[in-house]
Every structure is written in structure tokens, then in C-alpha cells.
1. In the stretch 327-349, how many are free of Cβ contacts under 8 Å to residues at least 40 places away in the same chain, over 22 Å from residue 35 (Cβ atoms) and assigned to a helix (DSSP H, G or I)?
2. What are the residues in the stretch 210-232 that are in contact (Cβ under 8 Å) with a residue 12 or more places away in the chain and within 13 Å of residue 170 (Cα to Cα), if any?
3. So the check is Cβ under 9 Å with 6+ separation or different chains; which pairs have a first residue in the stretch 144-158 that's closer than 25 Å to residue 93 by Cα and a second one that's basic (Lys, Arg) and modelled with pLDDT of 95 or more?
4. So residue 292 clears everything in (1) at pLDDT 95 or above; (2) part of a helix (DSSP H, G or I); (3) of a type outside the set (S, T, N, Q) except one condition, right? Which one?
5. Do you know which residues across the stretch 98-125 are of a type in the set (A, V, I, L, M, F, W, C) and either in a strand (DSSP E or B) or in contact with a Lys or Arg (Cβ under 6 Å, 6 or more places away or on another chain) (or both)?
6. Does residue 163 satisfy the criteria of being out of contact with any Gly (no Cβ under 6 Å at 6 or more places or on another chain) and under 30 Å from residue 88 (Cα atoms)?
7. For residue 81, are the conditions met, namely being under 16 Å from the mean Cα position of the chain (by Cα) and either closer than 23 Å to residue 19 by Cα or among the acidic types (Asp, Glu) (or both)?
Amino acid sequence: MSANNTLHIAVLGGDGIGPEVMAPALEVLRKIEATTELKFRFTDAPAGANNYRETGKSMPESTVRLCDEADAILLGACGLPSVRYPDNTEIMPQVELRFHFDLYAGVRPARLIPGVPSPIVGADARGIDLIVIRESTEGLFASMGKGVVTDSEARETLVITRKTSERLFEFSFRLAERRKARGKPGQLTCVDKANVFKAFAFFREMFDEAAKRHPEVKADRLYVDACSALLVKRPWDFDVMVMENMFGDILSDMTAGLIGGMGMAPSADIGDRHAVFQPCHGTAPDIMGQGKANPTAMILSTAMMLDWLADKHGIEGAAEAGERIERAVDKVYADGIKPMEFGGSNGTADIAKAVIEAL
């Protein structure tokens, strides 16, 4: 953070609807700046499939340097189905940043906002308010680009390390404690497949060790298959859940589906020093440039960023500003705004304008 308490934010708009949802999120932060003591400096940087098409790189060194120096990183969405590496995998700077900055905790909140439809009967009455914490640097994804394929078989290797898992569990218990202090249940569930795989038994052992250090948090353990069944029956029973990378990749999309879809789902990838904040959705090239994209997930990702900056730098006003953004989003949905993905007529501009007015 610079001497005059200005927070420097790296802005990676990315591809497809990425820049379209980023613009209203920055407007929301400008509104926060105008009504609080907080000050922001935004620096735009290229990353993604378009940059790869032009330069042969997913992002230039200057983007990585900017991300290193900034207080936080905002990312729109990256990648296009039509632009691929020679091995046919997509351009994913968001994943590269996780590995580069050791962003081991993928934080995926799923909160059902008033007025948003859920496919789960009774969810609107009981509410859904949970967080999936997805380990983001190892697990099955440690094998990315390293898999071995022959004529007769293909192999990928799952990796779980003590160093990463211990930090992941400390982070998860601490998040559960912070939620408990705010009146949430403060319960943490370890989701694994420890009954079949030694790697997951090792994962659970480290969870159990961490649980002893945090006796005030109720610690649960569930196998991933049983957890999936419970999530679609009783999602309101969950608070914070922590799991391996691939399980988190799948279950965080499922929990987003429980609260109205990807357009409503913010996320963060957090390490010891750096953090990236982005919507869970992709670049949606089919609706690019049409003003149809729902910016809610991107706006809620800025609220997560403010909460993280408050915790990291002890900036009291930042946490309150993040809560103000969440309350503004709740208000516009309760008042009847309806994005196009729910069959409504409200596009990017309508939703952005409503949130800024509610602030």
C-alpha cells in the first residue's frame, strides 16, 4: 500500500465478457471511494486468449510484475474456446497466476440472495450461505501439462503436500472463526475420499491435526460423494467446506448452481501475500458485446477483495465497504431486478446502475 494509503489494484479485464463485467465493478469501487476514506489506483494490464493470439504469450512479463507489486488483483475472465495452445488446452492465465503466486486457497462463496431463484425447494425460506475452499495449486491439477499419454493408456498424478495442506487448513479454520464472530455457524467440513485413497487419508490426518488447534470451530468430515448428495438436499446445513483442487473445481460449480448460477458467484484465489478476485463464470463469447452479461459476480468479487484487504492491512473501512456492496446487491435483487439468465430483461448496464444507486 502506498504512503498516502492508496490501494493499488491490478486490473486484468481478460477476454469475452471479462472487460464488460469489469467496467461496472470499477464504477462501484469509484462510488465507494467517493463516499469513504478509501482511495484506489487502478492499472490495466493485458492477459488472456486475445493477448496470446497477438503475442504468443498468455500474458506479458509486465502483467506478472504489476500483479506482484499491486495490493490486489481483479480479473474479469480469460480464455476463448477458439484460441488454444498447440496441445489443445485453453489459455488460462488465471490458473498460471495461482501457481506463480502460490495462491493455494480458492475461496468460492455461495450465498442465496433475496429474489434470486434456486433449484432447491425451500432454499429461499432457509437460505444458503456457505463457502467452498478449494486448494488451488496441487491435487489433480499438479499434473496439468505433465500427464503421460501412450497408445494404450493415459496417466495423471494427484499430489498433496504437507506444506500446502497445513496452510490451507489454517486459512480455513481462521475463516470459519471470522464467520463465527459475525454470527455465522463457524463450522468447517473437510471433503475428501479418505476411505479409498492414501493421499486423501493423509489430507484428512492434517485436517484433524489443525482441528485440535481450533477447538472453537465445529469440525466435520465427509466423503465427496455423500457431500454431493447432501448439498442438493440440505445446502443450508453447510458453512465452510475445504477440499482438494479437482473436488473443489466441481463442487464450487455445483454450489454456484444452487444460488442462481455462475453470474451470481464471486471467487478469490488467496496466498500468503497475493490474491486474485474474479467471478466464477467464464468469458461467454456467445453473448460478448451484447450488453447481456450479468456483472453481479464481478461486483461481489470486489466486495471479497475489500474484506481481504481489511484483514491483510487492518483497514477497518474496507470491510464495512465490502458489506455495503453486498447489501446494495441484496437490495436490487429484492426490489426485483432480473438478469437475462433468469429470463429477465435486465442487462449489464441496468444491474450496474441499480447497484450504484443502492450504494
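1. Count: 0.
2. If the condition is that a residue be in contact (Cβ under 8 Å) with a residue 12 or more places away in the chain and within 13 Å of residue 170 (Cα to Cα), then 210, 211, 213, 214, 217, 219 are the ones that fit.
3. Final answer for the pair search is 147/155; 148/155; 149/155.
4. (2)
5. Those that are of a type in the set (A, V, I, L, M, F, W, C) and either in a strand (DSSP E or B) or in contact with a Lys or Arg (Cβ under 6 Å, 6 or more places away or on another chain) (or both): 105, 107, 110.
6. It is false that residue 163 is out of contact with any Gly (no Cβ under 6 Å at 6 or more places or on another chain) and under 30 Å from residue 88 (Cα atoms).
7. Here the answer is no, as residue 81 does not meet what is asked.
Condition check ((1) hydroxyl-bearing (Ser, Thr, Tyr); (2) in contact with an Asp or Glu (Cβ under 7 Å, 6 or more places away or on another chain)) across all residues:
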site: 6; (1), (2): yes, no
site: 9; (1), (2): no, yes
site: 26; (1), (2): no, no
site: 33; (1), (2): no, no
site: 39; (1), (2): no, yes
site: 44; (1), (2): no, no
site: 49; (1), (2): no, yes
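The values are calculated or read from the model by the stated rules, or taken from the named source; none is laboratory data. Please read all numbers here as calculations on a predicted model, not as lab measurements. So basically every Cβ, Gly included, is an ideal-geometry build from the backbone, and we count neighbours across all protein chains shown.
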